[in-house]
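Chemist: Here it is, the structure in full.
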Amino acid sequence: MTTSQAGTIEQLKGGFTGEILLPGDGAYDSARQIWNAMIDKRPAIIARCATTSDVVRGVNFARDKGLLLAVRGGGHHIAGNALCNDGLVVDLSKMKAAHVDPAGRRVTIEGGATLADLDAATQAHGLATPVGINSTTGIAGLTLGGGFGWLSRKYGMTVDNLESAEVVTAAGEVVRASATEHSDLFWALRGGGGNFGVVTRFEFRLHPVGPNVLSGLIVYPFSEAKRVLQQYRDFVAKAPDELTVWTVLRQAPPLPFLPAEVHGKKIIALALIHADDPEEGERLIKPLHKFGTILGEHVGVQPYLAWQQTFDPLLTAGARNYWKSHNLSKLEDGLFDAIIEYAGKLPSPQCEIFIAAIGGATARPASDSAAYTHRDATFVMNVHSRWENQEDDKHGIGWARDFFNATTPFANGGAYVNFLTADEGDRVRAAYGPNYERLAQVKRRYDPENLFRMNQNIAPA
């Protein structure tokens with residue numbers, strides 16, 4: 001490092017209360033690892049922030065020095081936008097503090113928190129807000145892309161429950177965005193990704209959930225997949241918003257409730273949660289037991305916190321991941337045929353195809369009420385290709401792309417921005433839909449030089 005470079009770094013360190021990591025520092029290599037092991041980037045500087053003031057310093061430094069800027073929350077995004085090569089990473093992963101107002105049913109939480117952090121804080125009061133299904137996901141990335149999970153049919157998208165946000169803009173200003181303050185920015189944050197600034201604090205509306213809920217898995221043979229899928233389609237169409245059932249096709253993990261001879265075999269499973277009275281839930285799910293030959297089931301009343309972490313072991317960090325996804329307005333038999341064909345040739349034991357049922361409360365807001373526009377998506381299908389070794393990249397990626405192409409005729413043309421990979425820049429307009437032009441106007445106001453471009457990018461108008 002030259003004397004001038006060292007002096008420049010000292011400018012950043014001055015008044016910085018967090019940790020500045022440079023290549024060669026002991027913690028640097030671990031700090032540049034994120035969930036998707038396919039991402040291998042080497043930032044020039046990682047600024048591990050401890051406060052909003054640290055974030056301001058990092059943003060100002062990157063802007064003034066002309067450095068590429070990335071923002072890391074949970075580091076979980078499939079595209080790897082949490083990192084950049086040769087630039088500066090504003091790393092929020094140490095900023096996780098949460099404060100719950102039980103009487104007002106609100107939680108305020110910092111931008112580096114994970115879903116596990118949020119759930120733990122809110123469930124201490126029997127409250128929750130709709131978030132994703134893998135507890136190691138960052139709350140920031142999930143929210144800014146829309147956010148959905150087990151509670152969304154009942155309580156809407158994550159962004160539908162966002163009350164306000166503290167944002168560091170490209171100019172280094174700290175603003176509060178809400179329905180009444182910087183309302184255009186607040187509109188854009190709710191689904192527009194990380195295009196408009198660094199959100200250092202989120203405020204969410206909470207709902208009574210749990211602490212115990214009826215939830216679990218029912219597993220059927222892969223040979224009965226089409227019959228199960230057809231009945232699933234009919235069942236979900238009539239299910240109340242309190243009941244959410246998703247379906248997944250994959251090789252069976254070694255789950256204790258499955259016979260040993262089923263482990264490693266292809267299966268179709270239903271994953272369910274009832275977000276209200278468990279006895280009513282038991283009555284509602286009775287038809288699921290007649291969908292086919294049940295290989296095993298594990299359904300019962302358990303802590304909502306436990307259900308939120310059920311799928312974590314299948315989605316640990318360190319594997320190579322590639323996704324393709326479609327928004328669906330309906331489920332057609334031709335789609336089922338394609339799903340069964342490609343599920344029949346999974347490239348690795350960790351790959352899966354899942355169909356998430358949303359609709360319900362997610363469909364009720366107007367498509368232009370927030371940046372997230374896809375209120376016509378009744379289902380989101382994610383093709384999750386996952387493997388361990390780099391030499392298998394071509395096979396894993398090729399399978400996902402081929403399946404995506406085979407199922408495109410059954411999709412509605414929309415895209416969920418949180419599931420877009422780094423090579424899907426051509427789908428950005430599909431992700432933002434008819435709201436794109438308004439988003440570009442907001443981008444011009446808050447980030448005219450496109451400082452925040454390590455994302456599914458919206459160019460300033």
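Chemist: Which is outside any loop (DSSP other than H, G, I, E, B), in contact with a Phe, Trp or Tyr (Cβ under 8 Å, 6 or more places away or on another chain) and within 30 Å of ARG427 (Cα to Cα), of VAL90, VAL71, VAL59?
Modeler: Testing whether each residue is outside any loop (DSSP other than H, G, I, E, B), in contact with a Phe, Trp or Tyr (Cβ under 8 Å, 6 or more places away or on another chain) and within 30 Å of ARG427 (Cα to Cα) leaves just VAL71.
Chemist: Do any strands (runs of 3 or more DSSP E) lying entirely in the stretch 122-237 carry at least 3 residues that are modelled with pLDDT of 95 or more and under 30 Å from GLY264 (Cβ atoms), and which ones are they?
Modeler: Filter on the stretch 122-237 gives 212-221.
Chemist: To continue, here is another question. Name every residue in the stretch 72-106 that is surrounded by fewer than 16 Cβ atoms within 10 Å (Cβ to Cβ) and either in contact with a strand residue (DSSP E or B) (Cβ under 6 Å, 6 or more places away or on another chain) or on the phi > 0 side of the Ramachandran plot (or both), in order of residue number.
Modeler: Those that are surrounded by fewer than 16 Cβ atoms within 10 Å (Cβ to Cβ) and either in contact with a strand residue (DSSP E or B) (Cβ under 6 Å, 6 or more places away or on another chain) or on the phi > 0 side of the Ramachandran plot (or both): ASP86, LYS94, ALA97, HIS99.
Chemist: Would you point out which residue out of ASP86, ASP29 is among the acidic types (Asp, Glu) and in contact with a Leu (Cβ under 8 Å, 6 or more places away or on another chain)?
Modeler: Within the list ASP86, ASP29, the selection yields ASP86.
Chemist: When the residues of the stretch 20-46 are narrowed to those that are in contact with a strand residue (DSSP E or B) (Cβ under 8 Å, 6 or more places away or on another chain) and closer than 20 Å to SER385 by Cβ, which ends up surrounded by the fewest Cβ atoms within 10 Å (Cβ to Cβ)?
Modeler: ALA37
Chemist: Now for a different question. Out of all the residues in the stretch 268-280, which are more than 19 Å from PHE336 (Cα to Cα) and crowded, with 21+ Cβ neighbours inside 10 Å?
Modeler: Selection gives LEU272, ILE273, HIS274, ALA275.
Chemist: May I pose another question? With respect to ILE273, is the statement that it is in contact with a strand residue (DSSP E or B) (Cβ under 6 Å, 6 or more places away or on another chain), within 30 Å of PRO102 (Cα to Cα), among the hydrophobic types (A, V, I, L, M, F, W, C) and assigned by TED's automatic domain parsing to the domain that holds PHE403 true?
Modeler: So ILE273 fits the description; yes.
Chemist: Filtering the stretch 316-328 down to residues that are touching a strand residue (DSSP E or B) at 6+ places or on another chain (Cβ under 8 Å) and of a type in the set (S, T, N, Q), which residue is farthest from SER385 (Cα to Cα)?
Modeler: The qualifying residue farthest from SER385 (Cα to Cα) is ASN327.
Chemist: Let me ask you something else. Quick check: is even one residue across the stretch 393-409 in the same structural domain as ALA317 (by TED's automatic domain parsing), in contact (Cβ under 8 Å) with a residue 40 or more places away in the chain, of a type outside the set (Gly, Ala, Ser) and part of a loop (DSSP other than H, G, I, E, B)?
Modeler: No, because not a single residue in the stretch 393-409 is in the same structural domain as ALA317 (by TED's automatic domain parsing), in contact (Cβ under 8 Å) with a residue 40 or more places away in the chain, of a type outside the set (Gly, Ala, Ser) and part of a loop (DSSP other than H, G, I, E, B).
Chemist: Identify all residues within the stretch 39-56 that are part of a loop (DSSP other than H, G, I, E, B) and either under 15 Å from VAL168 (Cα atoms) or in contact (Cβ under 8 Å) with a residue 12 or more places away in the chain (or both); write none if there are none.
Modeler: Listed by number, the residues that qualify are ILE39, LYS41, ARG42, PRO43, ALA44, CYS49, ALA50, THR51.
Chemist: Of these, SER178, SER215, which one is surrounded by 22 or more Cβ atoms within 10 Å (Cβ to Cβ), under 24 Å from the mean Cα position of the chain (by Cα) and among the polar types (S, T, N, Q)?
Modeler: After ruling out the rest, the residue left standing is SER215.
Chemist: Among the listed residues TYR432, TYR436, identify the single one that is touching a helix residue (DSSP H, G or I) at 6+ places or on another chain (Cβ under 7 Å), surrounded by fewer than 23 Cβ atoms within 10 Å (Cβ to Cβ), modelled with pLDDT of 95 or more and not in a loop (DSSP other than H, G, I, E, B).
Modeler: Of the residues listed, the single one that is touching a helix residue (DSSP H, G or I) at 6+ places or on another chain (Cβ under 7 Å), surrounded by fewer than 23 Cβ atoms within 10 Å (Cβ to Cβ), modelled with pLDDT of 95 or more and not in a loop (DSSP other than H, G, I, E, B) is TYR436.
Chemist: Filter the stretch 191-205 down to residues that are crowded, with 24+ Cβ neighbours inside 10 Å and under 25 Å from GLU242 (Cα atoms) and give me whichever is nearest to the chain's Cα centre (by Cα).
Modeler: Filtering first and then ranking leaves GLY191.
Chemist: While we're on this one: Tally up the residues in the stretch 16-38 that are outside any loop (DSSP other than H, G, I, E, B), among the charged types (D, E, K, R) and either within 16 Å of VAL198 (Cβ to Cβ) or under 26 Å from the mean Cα position of the chain (by Cα) (or both), please.
Modeler: Adding up the residues that qualify gives 1.
Chemist: Right, another one. Tell me which residues, restricted to the stretch 47-66, are touching a Leu at 6+ places or on another chain (Cβ under 8 Å) and surrounded by 19 or more Cβ atoms within 10 Å (Cβ to Cβ).
Modeler: Residues satisfying the conditions are ALA47, ARG48, CYS49, VAL55, ARG57, GLY58, VAL59, PHE61, ALA62.
The values are calculated or read from the model by the stated rules, or taken from the named source; none is laboratory data. In this text, all values refer to a predicted model and were calculated from it rather than measured experimentally. Neighbour counts run over all protein chains shown; Cβ positions are idealised from the backbone, glycine included.
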